[in-house]
Amino acid sequence: MPTLKSEMGAKPLKSGVQGATVAVVAALFGLLVWKLVSQGNGGVAKTVDTGKIAVAPGWKLPRLDGGGTLSLAALRGKPVVLNFWASWCEPCKIEAPVLEQASQKYAADGVAFIGVDMEDFKSDARSFVKRYDVSYTIVRGSRALWEPYGLTGYPETFFVDGSGKVVGHYAGQIDVKQVDEGVKRALAR
Amino acid sequence: MRRPAAVLALLAAVSLALSAPALAGERHPSQAEMEGEIICPTCHTTLDQSSSPIAERMKAYIRERIAQGATKSRIENELVAQFGQSVLASPPKKGFDLLAWLLPLVGIVAGAAVLGLLVWRWSRGREAVPRAGPAGLAPALDPELERRLDDELSRFDA
C-alpha cells in the first residue's frame with residue numbers, strides 16, 4: 001500500500017512531467033503559428049502585381065565572373081532590371097537576346113541589367129553567358145531570394161527604380177515591349 | 001562504481017552513432033545511393049524521384065564524379081558549394097543542424113531515465129510494509145487515537 005511519503009514524492013514529479021509536456025506542446029504550437037505568419041505573403045511579386053509598389057529586398061551575391069560580390073544597395077541611384085534565370089530553363093534561352101539588346105539600348109540612360117543565376121552549375125551558367133553573348137553582370141543567386149521576391153519559377157524579371165522600389169514585374173519569358181514598358185516606369189520615378 | 005560505467009556506455013553509444021555516417025562519407029558511393037540522398041533544388045524531392053532538367057544535370061554530374069573516383073563526402077560538398085545546404089536530404093552534422101542528430105538520441109535517453117525513475121519509485125511504494133498490530137493481524141492504530149479510543153471505551157464501561 002503506498003505510503004503518504006511516497007505519494008508526496010510522486011506528486012512533484014508528476015506535476016513536473018505534466019508541466020514540461022504542456023510547455024513543449026505550447027512551444028511547438030507557437031512555432032507553427034510563427035511559421036504560418038512569417039511566410040506566404042507572396043513576396044514583392046504579389047505586391048507589385050496588385051498595383052502597389054514595394055521595396056526591393058536587398059541582397060549581396062557573388063559575381064559569376066569571380067570578381068567578388070555585388071549588392072543591390074551598391075546600385076542605388078540607378079534603375080535596375082533584375083532577371084532571375086537558369087541555364088536549363090528554355091524560356092530563359094529565348095529571352096536572353098532580348099535582355100542583352102535592351103541592356104545595350106538603355107546603357108546610356110544608366111540602367112543596370114543584372115542577371116541572377118539560380119539553381120545552376122557555375123560551369124553551365126558560364127556556358128550560357130558565352131553562348132548568348134551576355135555582357136551585363138551575372139550574380140549567383142540562392143534559394144533565400146525565393147520568398148522575399150515571391151518567385152514562382154524562371155525566368156522572372158523585376159524593374160527597380162533608382163530609389164530601390166520595385167515598379168514592375170513579369171513572370172515568364174519577357175519580350176521587347178515588356179522590357180521597354182518596365183524600363184520606362186523605372187526611369188520615370 | 002556502476003555510474004561511471006553507465007556514463008561511459010552512453011558516451012560510447014553516442015560516439016558510434018555519430019561516427020558511422022562520417023566513416024561512410026569517405027567511401028565511394030553508388031549512383032543510386034547518391035540520387036537517394038541529394039535533393040532536386042526545383043522539385044524538392046530526391047533526384048531518384050525527379051526528371052526535371054536540373055535533376056538530370058545533377059545526376060549526370062554525380063555519374064561523372066563517381067567515374068572519376070570521388071568519395072561521397074567530396075561529391076556532397078561540391079553539390080553544396082553549387083546549390084547550398086538544402087541540396088542534402090539529411091541535415092549536416094555540424095553547428096545548429098547537429099541538433100537534428102542529437103535530439104532523438106537525447107530524447108530516447110531522457111525517456112528511458114524517466115521510465116526507470118518511475119519504475120523505481122513504484123517499486124519502492126510497493127515495498128513499504130504497514131506496521132503490524134497485536135498478533136500481527138492488523139495495522140496498529142496511531143497512539144493518540146488509541147488513547148482517545150481507550151478513554152471513550154472506559155467512559156462507556158463506566
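What distance in nm separates the simple spin-label points at B:R121 and A:K78, each placed 7 Å from Cα in the Cβ direction?
Label-label distance for B:R121 and A:K78, simple model: 6.9 nm.
Can you sort A:F84, B:F83 by solvent-accessible area, 1.4 Å probe, largest first?
B:F83, A:F84
Magnitude of the Cβ-charge dipole of region A:122-189, K/R +1 and D/E -1, about the Cα centre, nearest 20 debye?
About 220 debye.
Note the buried accessible area between A and B here, summed over both chains, with a 1.4 Å probe, in Å² to the nearest 100.
In total, this chain pair buries about 1400 Å².
Stretched out fully, how many nm does the piece from B:C43 to B:A112 gain, at 0.36 nm a residue minus the Cα gap?
Full-extension gain reported as 20.9 nm.
Residues in region A:71-99 near a label at B:S52, defined as backbone nitrogen under 20 Å from the 7 Å Cα→Cβ point?
A:83-95
Would you kindly find the accessible area of A:L32, with a 1.4 Å probe and non-protein molecules such as ligands, DNA and RNA excluded, rounding to the nearest 10 Å²?
90
What's the lysine pair count for region A:15-110 at a Cα cut-off below 22 Å, pairs eight or more apart or interchain?
Number of lysine pairs found: 5.
Beta carbons within 10 angstrom, averaged per residue: use that to sort the peptides B:46-54, B:98-106, A:44-52, highest first.
B:46-54, A:44-52, B:98-106
For A:D175, what accessible surface area do you get with a 1.4 Å probe? Give it in Å², rounded to 10.
The accessible area comes out at roughly 70 Å².
Order A:L145, B:L149, most accessible first, counting only protein heavy atoms with a 1.4 angstrom probe.
B:L149, A:L145
Is chain A rounded, prolate or oblate when judged by the Cα gyration tensor, a ≥ b ≥ c being the square roots of its eigenvalues, rounded requiring a/c under 1.5 and prolate requiring a/b larger than b/c?
Verdict is prolate for chain A.
Report, to the nearest 10°, how far helix A:90-105 tilts away from the longest principal axis of the Cα atoms in chain A, using its own Cα long axis and a range of 0 to 90°.
Relative to chain A, helix A:90-105 is tipped by roughly 60 degrees.
Using a 1.4 Å probe and counting only protein heavy atoms, arrange A:F158, B:F96 so the residue with the most accessible area comes first.
Heavy-atom accessible area, descending, gives B:F96, A:F158.
For chain A, modelled as a GNM with alpha-carbon contacts under 10 angstrom, which of A:G164, A:G43, A:G66 fluctuates the most?
Fluctuation is largest for A:G66.
What FRET efficiency would be calculated for the residue pair A:K14, B:E152, taking the C-beta separation as r and a Förster radius of 30 Å, to the nearest 0.05?
E(calc), rounded to 0.05, equals 0.15.
The values are calculated or read from the model by the stated rules, or taken from the named source; none is laboratory data. The structure displayed is predicted, hence computed values, not measured ones. Virtual Cβ from ideal backbone geometry, glycine too; neighbours counted across all protein chains shown. Ligands, DNA and RNA are stripped out before the accessible areas are found, and what is left, the full protein with its side chains, is counted by its heavy atoms. Shrake-Rupley method; radii C 1.70, N 1.55, O 1.52, S 1.80 Å.
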